[in-house]
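The values are calculated or read from the model by the stated rules, or taken from the named source; none is laboratory data. These numbers come from a predicted model, not from an experiment. Because the Cβ atoms are built from the backbone with ideal geometry, glycine has one as well, and the counts that use them run over all protein chains shown.
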Amino acid sequence: MPFDLETLHLSSALSRGAYLVVFLVVALRQPRELCLWHWIGAILTSMIGSALMAAVPPTRWLTSGEALIIYTCYAASLILSWSGLRLFNQRRIAPAIVMSMIALPGIAYVTALVVGVPMRSALASVFVLMAVYAGVGAVEAVRRKPEQRLWSAYIVSATLSLYALTLSATLVMLLGTDIPMNSTESAMISMIVDQASGILVYFGYIAMAKEHAVLMLEQIAATDPLTGLVNRRGFQAALARRLERSTGREFAGILMADIDHFKSINDTHGHEAGDAVLITFAQRLSEALRKHDIVARWGGEEFLAVLPDVGTGPMAAIAEQLRQVIEAEPFLLPNGKPIRITISIGISEMPPALTHFEPATRRADGALYDAKRNGRNKVCRTPYESEVMISTAMQA
């Protein structure tokens, strides 16, 4: 059965209506997710624009009033998609800029006609702006940090890019040919492209929201809620990613730190004070190390760090500097009272051939035990070579 314009308009209305219902359900459950409301606005304005366009015979040009309303609706659909993507990516939007961009295509078209610009050239100004809007949406969809990458965002980006190319091709036809644009055939092609693009984009938004939620749950499961550092699970994942990028030739330093007499802090000042000490220590530890070092809360008052490309010599200096920094600057408790804190540190070395870090962690833990047994507030280390010698002696 061949398609006609009425069938395409009905199909378009039904598909957009279905996505609108889905987005409304999700948005009502998550009312603070503003990106969802922007995408709902994009669907609504697209539906309104399509409904108004369906009422206009395809064989005549739009009147100025019709064009102003319809092109404003279509521009709003693209701009609200873009602004929703910005909010989804946790970027700010300026309402004044959003409103100006929405109004610009319709105003540009009517203004061009008023000053005597030919109809096709006036329409070309609309297609230029719409192509730009689709393009910036395509870029915004994938503007995320590598660790926050969403594969579904590439569906949205690819679809908006193709839509921008389609609008650009139409622009070339308007300015470079005399092919009639106000015909049933051109209207049907436009409807098919618009409907296919809408389905893929709206599906992509739903998939992005779902994928983002899954990533957030994974992040929560891998993060210590008190300090914001990774926990053991997150540490394992971060270390696995690091080993994947490793050349297999560099050593890594292992640092295990424990807050001295932490139980007495809880007993004397309360658990709220103990939590404040843990939070401050985690911040100072992270600031003392490099951005690509892996730092974790290992359990209780114990923290573990892996420093890629650092041997035990530089590692000892780094650990001693950390110990001095912690000892020198008092920690402020919730009641404003300062308290002196010291730490014991054990360090070891993880060799390149080691695919699991457990042996190196055991050495660091043993060195930490030595530091505590010998008076605390000091750095001890167990070189990799000593474990090799012990293991060889046992085998002999």
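Here the range 112-170 is the region considered, the condition is being among the hydrophobic types (A, V, I, L, M, F, W, C) and over 24 Å from residue 42 (Cα atoms), and the residue that is surrounded by the most Cβ atoms within 10 Å (Cβ to Cβ) is 122.
Candidates in the range 57-90 are the residues that are part of a loop (DSSP other than H, G, I, E, B) and touching a residue at least 12 places away in the same chain (Cβ under 8 Å); of these, the one that is surrounded by the most Cβ atoms within 10 Å (Cβ to Cβ) is 89. Residue 120 meets all of the listed conditions (1) under 30 Å from residue 61 (Cβ atoms); (2) in a helix (DSSP H, G or I); (3) without any contact (Cβ under 8 Å) to a residue 60 or more places away in the chain; (4) over 19 Å from the mean Cα position of the chain (by Cα) but one, namely (3). Can we say residue 189 is assigned to a helix (DSSP H, G or I), at pLDDT 85 or above and either closer than 30 Å to residue 308 by Cβ or not aromatic (Phe, Trp, Tyr) (or both)? Considered against the rule, which asks whether it is assigned to a helix (DSSP H, G or I), at pLDDT 85 or above and either closer than 30 Å to residue 308 by Cβ or not aromatic (Phe, Trp, Tyr) (or both), residue 189 comes out as no.
Within the range 372-386, is even one residue modelled with pLDDT of 90 or more, surrounded by 15 or more Cβ atoms within 10 Å (Cβ to Cβ), hydrophobic (A, V, I, L, M, F, W, C) and touching a Gly at 6+ places or on another chain (Cβ under 7 Å)? Checked the range 372-386: at least one residue is modelled with pLDDT of 90 or more, surrounded by 15 or more Cβ atoms within 10 Å (Cβ to Cβ), hydrophobic (A, V, I, L, M, F, W, C) and touching a Gly at 6+ places or on another chain (Cβ under 7 Å). Can you tell me which residue is surrounded by the most Cβ atoms within 10 Å (Cβ to Cβ) among those in the range 214-240 that are among the small types (Gly, Ala, Ser) and modelled with pLDDT of 85 or more? Going through the qualifying residues, I end up with 234.
The single condition among (1) modelled with pLDDT of 90 or more; (2) surrounded by 14 or more Cβ atoms within 10 Å (Cβ to Cβ) that residue 243 does not satisfy is (1).
For residue 328, the requirement of being of a type in the set (A, V, I, L, M), exposed (fewer than 12 other Cβ atoms within 10 Å of the Cβ) and modelled with pLDDT of 90 or more is met.
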